[in-house]
Every structure is written in structure tokens, then in C-alpha cells.
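First up is the structure itself, then whatever we jot down about it.
The values are calculated or read from the model by the stated rules, or taken from the named source; none is laboratory data. Please read these numbers as outputs of a predicted model, since none were measured by experiment. When we count neighbours, we look across all protein chains shown, and the Cβ atoms used for this are built from the backbone with ideal geometry, even at glycine. The accessibility values were calculated without ligands, DNA or RNA, using every heavy atom of the protein model including side chains. Shrake-Rupley method; radii C 1.70, N 1.55, O 1.52, S 1.80 Å.
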Amino acid sequence: MEALGDLLAPHSELIAKVAGTITTLQFLSGIALLNDIRKKGSSDVYPVGPFLGGVVLTVLSLKLANIMNDAAMINTNLIGLVINFVFLGGFYYYASSGSRGNIWKQIGYASIFLLACTAYANFEDPKKIEFRLGMLITGILVWLVGSPLLHLPKIIAKKSTEGMPFPIILSGNLVATSWMLYAISIKNTVMVLQNLLLLILGGIQLSMFAIYPNKPAAKKPAAKKDSKKEK
């Protein structure tokens, strides 16, 4: 990694700009998923995690950006927060009445979590909270990327990737790859390992799309039993 870091080091600023651009575009990756939900007329087969997690992630990232006084991060995450709120609203609109109660429950849990994190960040030492909040954001990213793997047994049983958000998974891999290259260029080992973990989790999910179709396998009609029994 040392040799690759020396090779990429002169281009670290360019890599950072590319990574930032891809991250901004990732916020829009939910459009394809939301359009698929619109065509189906229901969001029930999809997890709300990617959209709700996106809201939580951008709120925490905004808090971290304010602590760091980073204008670029603030602007990027403000855009991301608005986009994720719109997507979450669309997801809720297409949810059945039975699923909406569960969505509200998860929104409630997320709100309590954000209030607790914000309150802690306001009272903790700024030098400590910058690192701790950064690690918390990394943990949420790992959860967002890895959460679809919880449905892996169901995917294997159905032999279908229906319900897995392919655009979000693909864009997440592109983001992880770009930031890992940047981390290598600045020789930040921790950041390299974080994004490598995200890339592995995303790669496992992408492999599912190569193995199984996006539509459920057609059920074979049950064989009819002979009405007459052999004597």
C-alpha cells in the first residue's frame, strides 16, 4: 500500500474532488429505487433503512461538519438531507396502511437516537467528539451497506434479489472505492480499512445480483393427482 500511496499522493486533491462529487451523486441514487416502487405501487417489499438511514447519516454529518467548520461538508450534507427527506416521504406515500405504523416506529427510534447524539455532542469536548462522531458515522455507514445482508437467507430461499436496492448498493461501492483511493493517497490506514470493509460488504451484495434475478422465480404448477387410483 505504501508504493500505491506514493503513486497517488500527487493526485490526492483531485481524488478528493472526484470522491466528493460521487458522494453527492449517490444522494440521487434513490431516484431509480423510488421509481421502481412507483411502478410496483407499493414500497412494502423494500426496507426503509436506506432512506431513513440516509436522513440520520446526513444529520450527524452536518453536526460533524459544523464542529469542523467545513463549508463544503455542510453544503453537501444539506443537499443530501433534503433529498433523503423527499425520498423518505415518497417511500411512506407508497407504503400500505399496515406498514406505515412500523415506519413511524422506526422514525421515532431514529429521532430519539439523533436527539441523544446531538445533546452529547453539544456538551462533550470538541476535540473528543470530532473523532467519536466520525466513528459513529462510520458505524452507520457499515450498517446501511450491510443491512440488506440480513435478508440473505430469504434471498437464497426465494432465489430472487427482489427488494434489494441495487442503485444504492452500486453507488455505495463507487463511493467506498473513491474514498479508499483517497485514503491510500494520504496514507490514512484507518480510513482505508473502513472503506475496504464497506467495499467488501457491498461486493457481497452485488454478487447476489449476478447469481439471482431481480424477479421472483415462477412457481411451477402443482402436479394434478390422478382421480382414479390403480387397483
Once the principal axes of the Cα atoms of the range 41-132 are found, what is the range along each, listed largest first in whole angstroms? 46, 25, 14
How far, in degrees from 0 to 90, does helix 30-40 lean away from the longest principal axis of the Cα atoms of the chain, to the nearest 10? 20
Measure nothing fancy, just the Cα-based angle from helix 166-185's long axis to the longest principal axis of the chain, in degrees from 0 to 90, nearest 10. 30
How large is ³J(HN,Hα) for each residue in the range 49-62, as worked out from phi by the Karplus curve 6.51 cos²θ - 1.76 cosθ + 1.60 (θ = phi - 60°), to whole Hz, x for Gly and Pro? x, x, 7, 5, x, x, 5, 4, 5, 5, 5, 5, 5, 5
Given charges at Cβ of Lys, Arg, Asp, Glu: the range 51-136 dipole, positive-most of Asn102, Met73, Phe123: Asn102
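At 1.4 Å probe size, with the rest of the protein present, what percent of the exposed accessible area of the chain is carbon and sulfur atoms?
Numbers: 9350 of 13980 Å².
Heavy-atom surface of the chain belonging to carbon and sulfur, 1.4 Å probe: 67 percent.
Provide the per residue accessible area, probe 1.4 Å, for the chain, rounded to a whole number of square angstrom. Provide the component values of the computation, followed by the final result.
Values: 13980 Å² over 231 residues.
The answer is 61 Å² per residue.
Give me the percent relative contact order of the chain, please, defined on Cα pairs under 8 angstrom at least 6 residues apart.
Values: 219 pairs, mean separation 72.5, N = 231.
31 percent.
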Starting from 0.36 nm per residue, how many nanometres of slack lie between Asp6 and Leu25 once their C-alpha separation is accounted for? 4.0 nm
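Based on the mean of other beta carbon atoms within 10 Å per residue, what is the order of 12-20, 206-214, most packed first?
Working: 12-20: 15.8, 206-214: 13.1.
The packing order, highest mean first, is 12-20, 206-214.
What size of dipole, in debye to the nearest 20, comes out for the range 102-205 about its Cα centre when the only charges are +1 on Lys and Arg C-beta atoms and -1 on Asp and Glu C-beta atoms?
Numbers: 8 positive and 4 negative charges, 51 e Å.
Rounded to the nearest 20 debye, it is 240 debye.
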Accessible heavy-atom area order of Leu28, Leu114, highest first, probe of 1.4 Å: Leu28, Leu114
Would you work out the charge dipole size for the range 37-157 about its Cα centre, treating the Cβ of every Lys and Arg as +1 and the Cβ of every Asp and Glu as -1, and quote it to the nearest 20 debye? 420
Let's test the formula: R0 of 45 Å, r as the Cβ-Cβ distance of Asn214 and Tyr120. What FRET efficiency results, to the nearest 0.05? 0.65
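Counting Lys and Arg as +1 and Asp and Glu as -1, each charge on the Cβ, what is the dipole of the range 1-209 about the Cα centre in debye, to the nearest 20?
On the way: 14 positive and 10 negative charges, 140 e Å.
I would put it at about 680 debye.
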Between the helical axis of 71-93 and the dominant principal axis of the chain, each derived from Cα atoms, what acute angle in degrees is found, rounded to the nearest 10? 20
